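Here is the structure we will look at, set down as structure tokens.
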Amino acid sequence: MAPGASLSGVPVSRRVMVTRPEREARAWADGLQARGVACETFPLIEIVALPDPSALAQAWATVPRHLAVMFVSANAVRFFMAARPVGCSVQGCRAWSTGPGTRAALLAAGWPEALIDSPDETAVQFDSEALWALVEPQVKRAVGTAGWTDPGRDGGDLMNRPGVLIVRGADAQGHMAGRDWLAVQMEAAGLNVLQTVAYRRQPPRLTAAQQSRARQAMSDGSRWLFSSSEAALFLLEACPGLPLEQAKALATHPRIAQRLKQSGWSSVDLVPAALDAQAQSIKSMA
């Protein structure tokens, strides 16, 4: 639903403002509304293609020799799979995702379901920690089979270690965005970790009407739903001086909630990441 649009029988105020990138925001808002939560989309992250996709073709050449390709988001899947060279097979290579949206994108792109590892849709959190708990046993088996009993040892045969390719986004300047926690765990376990950028995340250009709606939503009872602290940062950059002390925010992860509070949001509630549980949590709020 577009910013400011009306929902039959529900005032524009006291809505949930869904701040994911536009494509994901529309799907998430539809899911919440189907579960009885009034909301509107207010995308705060713009997803754009890389100016030079040649690095993706080089990354694809490494896929056959990897234990797995880890995708940080559904957009990582879409842009990486769109760059797939003709005749390049993913058979024998696992795909890792941190949540159901990324898993759905993998299935839509044709990755074999039996080769996808992702936390269950009812998981408390969809994050790197949940994914690592799921895949760590297979990593240990692969490292043990390869004979890397001492993951920390040095050696010139690094490229012979079992490998994982992480596909992620970059910020507006082209620098890799996101946490390195999972990469650190994998390297400590003995894996050779490579990373590639598949797309860019940048601030949106808000119209005057959107800026006005953002200011209205600070004090009319609306709740801003954040699944990324970057979206909250972009909001403040696009609309300086927002009265955060009057605003209400919902965060899908404790780290996001912490960063929102550090940025000045006085009212921050933690909600589940899974759609069903999230809708129930929001509806239970006064």
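The values are calculated or read from the model by the stated rules, or taken from the named source; none is laboratory data. Just so we're clear, the structure is a prediction, and the values are computed from it rather than from any experiment. Cβ placement follows ideal geometry from the backbone for every residue including glycine, while neighbour counts extend to all protein chains displayed.
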For region 51-95, how many residues meet the condition of being modelled with pLDDT under 90 and under 30 Å from LEU235 (Cβ atoms)? 3
Candidate set: region 1-18, residues that are under 26 Å from the mean Cα position of the chain (by Cα) and surrounded by 15 or more Cβ atoms within 10 Å (Cβ to Cβ); chosen: the one modelled with the lowest pLDDT: GLY4
Just to be sure I understand, how many residues within region 19-37 are farther than 17 Å from ASN75 by Cα and surrounded by 16 or more Cβ atoms within 10 Å (Cβ to Cβ)? 5
Leading residue by the ranking (surrounded by the fewest Cβ atoms within 10 Å (Cβ to Cβ)) among those in region 246-278 that are in a helix (DSSP H, G or I) and more than 19 Å from the chain's Cα centre (by Cα): GLN262
From the list SER281, SER266, which residue is farther than 23 Å from ASP120 by Cα and of a type in the set (Ser, Thr, Tyr)? SER266
Please work out which one of (1) over 30 Å from VAL18 (Cα atoms); (2) surrounded by 19 or more Cβ atoms within 10 Å (Cβ to Cβ); (3) out of contact with any strand residue (DSSP E or B) (no Cβ under 6 Å at 6 or more places or on another chain) is the condition ALA74 fails and give its number. (1)
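So that you can scan it fast, the table gives a plain yes or no per residue for (1) free of Cβ contacts under 8 Å to residues at least 60 places away in the same chain; (2) under 20 Å from ALA273 (Cβ atoms); (3) out of contact with any strand residue (DSSP E or B) (no Cβ under 8 Å at 6 or more places or on another chain):
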| site | (1), (2), (3) |
| --- | --- |
| GLU187 | yes, no, no |
| ASN192 | yes, no, no |
| ARG200 | no, no, no |
| ALA208 | yes, no, yes |
| GLY241 | yes, no, yes |
| GLN246 | yes, no, yes |
